[in-house]
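Only one structure is covered here, and it is reproduced in the block below.
The values are calculated or read from the model by the stated rules, or taken from the named source; none is laboratory data. What you see is a predicted model; the values in this text were computed from it and never measured. In this analysis, Cβ positions are derived from the backbone assuming ideal geometry, glycine residues included, and neighbour counts consider all displayed protein chains. The protein model used for the area step is the full one, side chains on, heavy atoms only, and it has no ligands, DNA or RNA in it. Shrake-Rupley method; radii C 1.70, N 1.55, O 1.52, S 1.80 Å.
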Amino acid sequence: MRLCSIASGSSGNCVYVGSDATHLLIDVGISGKRTEEGVASLGLKLSEIDGIFITHEHADHISGLGVLSRKYGIPIYGTAGTIRAIQNTSSLGKIDESLFHCIQADEKIRIKDMTLYPMRTSHDAAEPVAYRVSHDRKKIGIITDLGCYNDYTVACLQDLDVLYLEANHDINMLQVGPYPYYLKQRILGERGHLSNEASGKLLSQLLNDHMQAVVLGHLSKENNLPELAYEAVRMEITMSDTGYKGDDFPIYVAKRSEVSQMIAI
């Protein structure tokens with residue numbers, strides 16, 4: 001199984017996850033052209049993509065969906081609330097209703113030789129989810145856009161081999177930055193985004209001896225830096241009482257506007 005971030009951040013998100021036989025995208029929040037180029041850089045064609053799984057309807061997760069659905073007819077998977085919100089997003093244009101497939105949190109769905117497990121997230125969207133993806137006893141978690149986490153979140157993400165996790169902002173950079181007050185409060189709230197420190201605390205509860213890689217994603221362009229996210233998360237792991245240290249696992253930061261390295265397990 002393989003994972004690769006095609007784009008990551010407040011300006012657009014798209015993650016590839018696949019096996020030899022199955023190829024999926026999680027979100028397409030970049031242009032159709034950039035998505036095509038990103039998939040091509042992985043040695044694939046968009047016509048080979050078996051499905052697009054949407055986490056929620058915000059523009060940085062769906063902006064390429066209209067163009068790609070009309071050009072390639074790729075099946076689109078999302079919760080009922082997310083699908084309704086997508087259909088009400090006029091900027092996407094007309095999307096063939098037959099392409100939509102409704103999924104539910106906590107109910108597994110199988111696509112060829114891969115199984116996806118949608119899980120609820122706390123974010124200010126209609127019916128948002130994150131995904132755990134498994135193939136041949138290997139598990140990848142892909143979770144961004146959550147203002148907070150709880151025991152349910154931790155339980156859903158146990159025993160992973162690879163984790164793609166939000167580290168959206170440095171709290172100090174956000175507080176002193178240019179965003180208006182209401183937006184700062186939204187990001188810091190329970191339906192906003194995870195800070196670097198919160199990301200590290202969540203990660204500390206998910207580490208296990210067979211974790212092969214951690215990818216930090218969805219970094220804010222205005223309120224974070226890759227080096228800050230990396231160091232803050234490493235420090236939280238080292239300071240935790242889990243017995244693990246920040247250097248025990250490879251930690252990568254997904255690139256904002258270019259394809260990151262492929263991670264294979």
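Observations on the model:
- Test: residue in the stretch 215-227 that is surrounded by fewer than 19 Cβ atoms within 10 Å (Cβ to Cβ), of a type in the set (S, T, Y) and not in a helix (DSSP H, G or I): no
- Spans of strands (runs of 3 or more DSSP E) in the stretch 93-212 with at least 1 residues over 20 Å from S5 (Cα atoms): 100-103, 109-111, 114-120
- Residue pairs meeting the criteria (Cβ under 7 Å; at least 6 apart or on separate chains; first free of Cβ contacts under 8 Å to residues at least 60 places away in the same chain, in the stretch 173-202; second in a helix (DSSP H, G or I) and open to solvent by 90 Å² or more (accessible area, probe 1.4 Å)): K184/Q175; G200/M235
- Residue selected from the stretch 34-90 under the condition polar (S, T, N, Q), part of a helix (DSSP H, G or I) and without any contact (Cβ under 8 Å) to a residue 60 or more places away in the chain, by the criterion nearest to I187 (Cα to Cα): T82
- Scan of the stretch 68-125 for residues that are open to solvent by 90 Å² or more (accessible area, probe 1.4 Å), within 21 Å of E166 (Cβ to Cβ) and over 18 Å from the mean Cα position of the chain (by Cα), ordered by number: none
- Subset of the stretch 159-196 (residues that are of a type in the set (D, E, K, R) and surrounded by fewer than 17 Cβ atoms within 10 Å (Cβ to Cβ)): D159, R186, E190, R191
- Test: residue in the stretch 3-22 that is buried (at least 22 other Cβ atoms within 10 Å of the Cβ), touching a Cys at 6+ places or on another chain (Cβ under 8 Å) and in a helix (DSSP H, G or I): no
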